[in-house]
Amino acid sequence: MSGNKWRALDHCHNTRNNNADVQQNGEQLVSNKQQSYEWIIVRDSEGVDIQTTDTQAALSLQLGIQAAIAAVISVTIGDTDQGKAVAQDMKQYIKTKQRNVQKTIVEGSRNITVTTTDTDLAVNIQALLQILITLVAKLDIL
Amino acid sequence: MSDSSKKTNAIPDKVIDLIVSNTLSKNGVDLEEIKGKLTAEQKQSLKELVEELTLQVDQFVDKPTSRKKDSK
């Protein structure tokens, strides 16, 4: 176990963001502050199947829901001072600060499956959707 | 509350309902008045939007969205 030990993710070790599928180092700022750091390091292994949360997809989804909330307010209340005040207040509730750090190291393994979930991100998206659904339900849309 | 929200309750519905109701009443929004402003097309469009987002959220929560198979 010395000398030229083969490491599956050597190329990910020294630089950032050079293999987004395996190593996510997403640091995104939406209207809320959210940081997600996920490290999955595979060393001296083969047949490793990794399933992980796609942070970019999650953030896109989050932005989509936020935009939908803004659209509902705009269509119903309009771009008036009242509409802007409602949107502003909703944003205050939505505003969260969270930091998610996950580190998974696979070493000396063969034929394994790793599944990780960014629970914080999932919960945040679910909460946003709940606000949207409640808002439209009150308007008899659903 | 909609049936479509059954799977996606991160926060109790009553809490969300309180937040939304409070925000609307605090800003003097008359729900009945607003309901009358919406056209059938707008309602349908917003309904489809919410259903699509609900589906996407359920899919996201149900399973990881990225997969990497190391073939070495």
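The values are calculated or read from the model by the stated rules, or taken from the named source; none is laboratory data. As the structure is a prediction and not an experimental result, all values here were calculated from the model. A quick note on method: Cβ atoms are made from the backbone with ideal geometry, for glycine too, and the neighbour counts reach across all protein chains shown. Just the protein is used for accessible areas: all its heavy atoms, side chains included, with ligands, DNA and RNA removed. Shrake-Rupley method; radii C 1.70, N 1.55, O 1.52, S 1.80 Å.
Here are a few things to note about the model shown:
- Residue ID - most open to solvent (accessible area, probe 1.4 Å), chosen from residues in the stretch A:108-142 that are over 13 Å from A:Ile65 (Cα atoms), free of Cβ contacts under 8 Å to residues at least 40 places away in the same chain and outside any loop (DSSP other than H, G, I, E, B): A:Thr119
- Residue list for the stretch A:64-85, restricted to those being more than 26 Å from the chain's Cα centre (by Cα) and crowded, with 17+ Cβ neighbours inside 10 Å: A:Val75, A:Thr76, A:Ile77, A:Gly83, A:Ala85
- Members of the stretch A:84-107 found to be free of Cβ contacts under 8 Å to residues at least 40 places away in the same chain and of a type outside the set (Phe, Trp, Tyr), listed by number: A:Lys84, A:Ala85, A:Val86, A:Ala87, A:Gln88, A:Asp89, A:Gln92
- Checked against (1) more than 22 Å from the chain's Cα centre (by Cα); (2) within 7 Å of chain B (Cβ to nearest Cβ); (3) at pLDDT below 90, A:Ala137 meets all criteria but (3).
- Of all residues in the stretch A:86-102, those being in a helix (DSSP H, G or I) and open to solvent by 10 Å² or more (accessible area, probe 1.4 Å) number 7.
- Considering B:Asn9, B:Asn22, the condition of being at the interface with chain A (Cβ under 9 Å from one of its Cβ atoms) and exposed (fewer than 14 other Cβ atoms within 10 Å of the Cβ) is satisfied by B:Asn22 alone.
- Residues of the stretch A:26-52 classified as within 30 Å of A:Ile94 (Cα to Cα) and either within 14 Å of another protein chain (Cβ to nearest Cβ) or modelled with pLDDT of 90 or more (or both), total: 7
- Among the residues of the stretch B:27-55, those that are in a helix (DSSP H, G or I) and either within 7 Å of another protein chain (Cβ to nearest Cβ) or on the phi > 0 side of the Ramachandran plot (or both) comprise B:Leu31, B:Ile34, B:Lys35, B:Lys37, B:Gln42, B:Lys43, B:Leu46, B:Lys47, B:Leu49, B:Val50, B:Leu53, B:Thr54.
- A search for C-beta distances below 8 Å between a residue of the stretch A:56-68 that is small (Gly, Ala, Ser) and any residue that is open to solvent by 60 Å² or more (accessible area, probe 1.4 Å) and part of a helix (DSSP H, G or I), counting only pairs 6+ apart in sequence or on different chains, returns A:Gly64/B:Gln56; A:Ala68/B:Leu49.
- Given (1) assigned to a helix (DSSP H, G or I); (2) under 21 Å from the mean Cα position of the chain (by Cα), index of the condition A:Ile105 fails: (1)
- Set side by side, the residues A:Lys5, A:Lys97 differ, and just one is within 26 Å of B:Asn27 (Cα to Cα), basic (Lys, Arg) and modelled with pLDDT under 85, which is A:Lys97.
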